[in-house]
1. Can you name the helices (runs of 4 or more DSSP H) wholly within the stretch B:1-118 that have at least 3 residues being modelled with pLDDT of 70 or more and surrounded by 17 or more Cβ atoms within 10 Å (Cβ to Cβ)?
2. Among the residues of the stretch A:153-168, which ones are of a type in the set (D, E, K, R) and surrounded by 12 or more Cβ atoms within 10 Å (Cβ to Cβ)?
3. Can you find, within the stretch A:169-193, the residue that is surrounded by the most Cβ atoms within 10 Å (Cβ to Cβ) among those that are within 12 Å of chain B (Cβ to nearest Cβ) and more than 18 Å from A:Q143 (Cβ to Cβ)?
4. For the stretch A:195-252, which residues satisfy the criterion of being among the polar types (S, T, N, Q) and within 16 Å of A:L115 (Cβ to Cβ)?
5. Is it the case that the stretch A:157-173 has a residue that's in contact with a Leu (Cβ under 9 Å, 6 or more places away or on another chain) and closer than 28 Å to A:M109 by Cβ?
6. Please go through the stretch B:119-165 and give me each residue that is hydroxyl-bearing (S, T, Y), in a helix (DSSP H, G or I) and more than 9 Å from chain A (Cβ to nearest Cβ), ordered by number.
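The values are calculated or read from the model by the stated rules, or taken from the named source; none is laboratory data. Every value quoted in this text rests on a predicted model; they were computed, and no experiment measured them. Cβ sites come from the backbone with ideal geometry, for glycine too, and all protein chains shown count toward neighbours.
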Amino acid sequence: MTATGTSTGRRVVSPRIGRRGSGLAYLLILPAVVVLVGVTGWPLYKIIMLSLQRQDSGKFALFHSAGTTPFVGLRNFTRVLSDSAFWTVLERTLVFTVLNVGLSLALGMGVALLLNRVSKWARVILVAVLLFVWAVPSTVSTQIFYWLFSNQYGVVNWLLDRVPGVHMRGHDWFADPHQGLAVVTAVVVWGAVPLIAISLHAGITQIPRDVLEAARVDGASPWQAFTRVTLPFLRPLLIILMTLSVIWDFGVFNQIWFMRNGHPEPGYQTVGIYMYSEGVGSSHYNTGATIGVLMMVCLLGVMVFYIRQLFRIGDAE
Amino acid sequence: MATVVTDAPPASHRRGATARARSGRRLTPRKVVLALAAYAIAMIFVLPYAEMIIAALRPPRELLDRGYLPKHVDWSNFTSIWKTGFKDNLGASLKVAGGGTLLVLLVAMPAAYYTARRRFRGRAAFLLLVLATQMFQPAAMLVGIQREFISFNLPSPLLSLILVNAGFNLAFAVWILNAYFSSIPAELEEAAMVDGTSRLGALGRITLPLALPGIVTALIFTFIGAWNELLVALTLTLGAPDRQRPLTVGINNYIGQYSIDWGHLFAGSVIATLPVIALFALIEGKVVGGLTAGSIK
């Protein structure tokens, strides 16, 4: 660009530059497109193709059959969808997702509101702790919680056992998948709250003070001020956080995998684990691809919602 | 924890009328309760991690002890772990996360900058592509990723992992950087160029420093994402030698079918957290602002 543009001349100048520089545009954007399409587009194409091809199991098929496997239409889908195990897993995943997203958002909002009300010192300490927890990898936090809840050494059993009338010595939290998944929920929420709380806290600080003040003067109770002023203002941020949480929790893998030492029992299977054990674990790659496609379809609705919201925010800017 | 946190809004509701005088510096009961709640929550969040450090420092004999602090501090877990192949796993993780982050920034910054500054044909399509891929989960496409990298036949699975991690974190980086660059007025750059700086000079001296919080946020997200990634690493290093496995996979070596090497597991976990904590400490203040840039003006 020639340095002719003054601040007022920009609007006149830039379209011309834009046209002339379109080669540059594609040069600057091409690398991103190549990485995006190469790393995410190709596998997507691949799983769609695989899901339509005959189930060819075994390592040999993985390395050698390139395009020779016959297409079987939707037969893989009818097989997966008529398997009651899939529906059990899907139902479990949905319940898990709703619970985890709800808890993460509710607790995150609580912490965010608290952050905006306490003195500077308490706030600085709490934010530092939250950043710290956020930085702890989920693989590590899962080990910690597994240890806390372990039947022999676990501090949780020890503490609960001290409550009169409760006998938890040697209690195995992981014998019953429901209890085990509750522990998984604790890890997931523990890891999810910091990001949500810090983002919402930053969002709340940007609410104009006079708006809240006006609500108060007009006689709104704090609860009304929260639901009528704070929540609507945070709505775009909440929707983004909710959508991301749904996507992360729906595809939960690390926490369950480590909590079960790399061998999740059937009762612990969520869609991600199920896909891994059906697809990669037992070399049924076409079945795995089919489950993957079904996962994508499940998330598609969430995606549309998210994209619309983001574009609306983009337009407003 | 649940009770403490969810109590916060109703508590303010009940006391709202009496605590109107909060502008004063007086120590009202309400303030005390809130501060205590904040410290309690901070404790709840940090205690599990403290427990891990303590467990890593416990001599094996004292692992079953109920006292919160060990009687003897034993650093042997932290020294002997370097003989277990942990070093290679740590190196592999650093390569994957570092390489992935570098690639993301190199690729995302030019694209984000240009889409923020110029309208061109295909701009909307590009942004839509970015958003759509943000929703893609490695989990759903695992089999496809595996096929792809088998056919690429790269010399090391670490290269594949760098590419995969870059690819799946790129969308977020482009989006957040785009929001940042858009928020910096182009007039600032033009003013600098009128004053005699080149376009690149204006970029380097004006735009990049202003966009730093966004760059840092993108960097942190990518690094943590790659550092934490397990599923793809597990799949792509299936037949690979142990030294080519990142930490998330390698740490499974301490978990046997029947017994767990807690000491090494926790020492390794503590060490695995350090690079991320260090990264956070370096750029701490920049993150909070970066998070909301794309969502709330």
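1. The helices (runs of 4 or more DSSP H) meeting that bar are B:29-57, B:86-117.
2. Hit for the stretch A:153-168 is A:D161, nothing else.
3. Within the stretch A:169-193, the match that is surrounded by the most Cβ atoms within 10 Å (Cβ to Cβ) is A:V193.
4. A:S199, A:T205, A:Q206, A:T230
5. No, the stretch A:157-173 contains no residue that is in contact with a Leu (Cβ under 9 Å, 6 or more places away or on another chain) and closer than 28 Å to A:M109 by Cβ.
6. B:S160
Every residue, every condition in (1) within 16 Å of B:L282 (Cα to Cα); (2) modelled with pLDDT under 80; (3) not polar (S, T, N, Q), yes or no:
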site: B:A186; (1), (2), (3): no, no, yes
site: B:M193; (1), (2), (3): no, no, yes
site: B:T197; (1), (2), (3): no, no, no
site: B:G201; (1), (2), (3): no, no, yes
site: B:V216; (1), (2), (3): yes, no, yes
